[in-house]
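The values are calculated or read from the model by the stated rules, or taken from the named source; none is laboratory data. In this text the structure is predicted, and so the values were computed from the model without any measurement. In this analysis, Cβ positions are derived from the backbone assuming ideal geometry, glycine residues included, and neighbour counts consider all displayed protein chains. Remember, those area values only see protein heavy atoms, side chains included, never the ligands or the DNA or RNA. Shrake-Rupley method; radii C 1.70, N 1.55, O 1.52, S 1.80 Å.
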Amino acid sequence: MTADLTAPTGTVAGGWTDRPSTAEGWLDRARQVATTLAADAVERDRALAIPTAEVQLLKDSGLVTLLGPVEHGGGGQDWTTALRVIRAVSAGDGSIGQLIGYHYLWFWAVRLVGTPEQIAAVEEQATKEAWFFGGAVNPRDADLTIADEDGELVFRGEKSFSTGGRVSDVTVLEGVLEGTDKHIFAIVPTAQPAIRFKGDWDALGQRLTESGGVVIDGVRVPWAAAAGYVETEQGWEFQPRVYNTLNVPLIQIIFANIYVGIAEGALATAATYTRERTRPWPFTPDLKDSASEEFYILEAYGDLRSKLWAAEALVERAATLIEAINAHADTVTEEERGEAEVVIAAAKQVAIDTGLEIGTRVYDVTGARATASSVGLDIFWRNIRTHSLHDPVAHKRAEVGRYALLGELPAPSWYT
């Protein structure tokens, strides 16, 4: 039997009766969503169904509009709250934590590269209509090509990964204008014949993220929808600033929070199992009445909990640097951006190491019976292992190493 994703506890059918007004209220809302998701996360993971109901839950709870302007019905929250929400949701279901995390990045994309007029227009409509964002921006594939046809931009090409895919209302596209080195971002409606999702996502973990391939074949947008471009006497030109490059640090800190959240879910799930079902070891001079009194189990939980708190502290520190940059987006320096990226790189590698260790060692503190398929503890390790391969963690360690040893800050790229 699966949980009812459309009517969580304390709600009316189809959603909540109100919207939180404080950061803590939003975090509590995220925890409620996580509890609902956790109830049948393993079953839904195995079914590999399109997560339509899960995204509707995110909409009904209001979480999709967390970063939206209050005057348009949004939460008006900052990135610190958004990252904590991502952690909370990921603890219940890592796949849905990834979906909401990527959604927040693409919702914010217009802030990163758009003009003031574009920002105002997109955020108003996206918030009022509770858009759910997907993105077809995978730099390991060839860029989409963009042709200028009769004053319109026409996107064509393929991407191997497009998280959010079939469950999104709008999709962020990025490509290069033919005959130039101009990269152009645009937000387009997902439901159109020119966007075709392959439906081929079947990975080891993060199975409900709709991250399969997509074919873009003739998506048309007006030049006015090209993010950050303004019309000049010389034609349409992009207005650059350092803040434009914050998309990579943001997505990397989102990754770290997904991993920390999944690890939190793993530790909490294991602890419940240990308290309720793990048996003490009978072949020892130091017999215990319950597994919760076993020294080696207490030591393991203490070690894992301490490491997870350390990882949480590091992602929180990284969030403060993001907030400092957001406070003066128009004047942020390359040094501020680089220093934030270094700390985020450190947070990501610690989150991966800690998450994978917890995903493995939970079996040490639950016992052989916890390996049963029906228990489903494997979902946590599978989810972190799958997504942590997004880009090699060794390069993140090297980023921090170059800073620690040589004082070098990473230059902006698609992965730094």
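Some notes on this structure:
- Phi-derived couplings, Karplus 6.51 cos²θ - 1.76 cosθ + 1.60 at θ = phi - 60°, listed residue by residue for the range 365-376: 9, 10, x, 4, 5, 6, 7, 4, 4, 5, 6, x Hz, with x used for Gly and Pro.
- Solvent-accessible ranking of 72, 395, 103, largest area first, probe 1.4 Å: 395, 72, 103
- Prolate/oblate/rounded call for the range 92-177, Cα gyration tensor, a/c under 1.5 rounded: oblate
- Projected label points at residue 180 and residue 150, each 7 Å from Cα along the beta carbon direction, are separated by 2.0 nanometres.
- Counting DSSP beta bridges with both ends in the chain, the antiparallel % (nearest 5): 80
- Residues 295, 155, ordered by accessible area of protein heavy atoms at a 1.4 angstrom probe radius and largest first, appear as 295, 155.
- Per-residue SASA remark: residue 238, around 70 Å² accessible (1.4 Å probe; ligands, DNA and RNA not included).
- Shape call, the range 174-255: gyration tensor on alpha carbons, a/c limit 1.5: oblate
- Remark on residue 219: its backbone amide H falls under 5 Å from those of 155, a criterion applied only to residues 5 or more positions apart or on other chains, H modelled at 1.01 Å from N.
- Across the range 18-93, the mean sequence separation of Cα contacts (distance under 8 Å, 6 or more residues apart), normalised by length, yields a relative contact order of 45 percent.
- Structural descriptor for the range 189-291: relative contact order 13 percent, calculated from alpha carbon pairs under 8 angstrom and at least 6 residues apart.
- Residue 170 contributes an accessible area of around 10 Å² to the protein surface, as traced by a 1.4 Å probe with all chains present.
- In percent, rounded to a whole number, the relative contact order of the chain is 15, using alpha-carbon pairs under 8 Å and six or more apart.
- Hull-based mean projected area of the chain, where the convex hull spans the alpha carbons, in square nanometres: 22.2
- Neighbours of residue 72 by Cβ distance under 14 Å: Lys/Arg scored +1, Asp/Glu scored -1, total -2.
- Around residue 228: net Lys/Arg minus Asp/Glu count, Cβ-Cβ under 14 Å: -2
- Two-decimal ratio, the range 129-220, of alpha-carbon radius of gyration to 2.2 N^0.38 Å: 1.06
- Per-residue accessible area (protein heavy atoms, 1.4 Å probe) orders 403, 102 as 403, 102, starting from the largest.
- Summing +1 for each Lys or Arg and -1 for each Asp or Glu among the other residues whose beta-carbon sits under 14 angstrom from that of residue 112 gives 0.
- Alpha-carbon Debye profile of the range 182-309, log10 I(q)/I(0) at 0.15, 0.17, 0.21 Å⁻¹: -0.96, -1.08, -1.25
- Here the range 31-78 was treated as a single set of alpha-carbon atoms; its pair distances binned every 5 Å from 0 give 5, 19, 23, 20, 15, 9, 7, 2, 0 percent.
- Each principal axis of the Cα cloud of the range 270-416 was evaluated for its coordinate range; sorted largest first, these ranges are 64, 29, 26 Å.
- The 3J(HN,Hα) values that the Karplus relation (6.51, -1.76, 1.60; θ = phi - 60°) gives for the range 218-223 are, in residue order, x, 5, 10, 9, x, 4 Hz. Gly and Pro appear as x.
- Long hydrophobic helices in the chain, taken as whole DSSP H segments with a C-alpha length of 15 Å or more on their own axis and mean Kyte-Doolittle hydropathy at least 0.5: 79-92, 94-113, 247-276.
- Mean residue ellipticity at 222 nm, helices only, the chain: -15500 deg cm²/dmol; runs of at least 4 DSSP H residues each add -39,500 (n - 2.57), and the sum is divided by the number of residues.
- Residues whose amide H falls under 5 Å from that of residue 135, counting only those 5 or more places apart or on a different chain, are 163, 165, 172, with hydrogens built in the peptide plane.
- The distance from the alpha carbon centre of the range 231-277 to that of the range 159-199 is 20 Å, rounded to a whole number.
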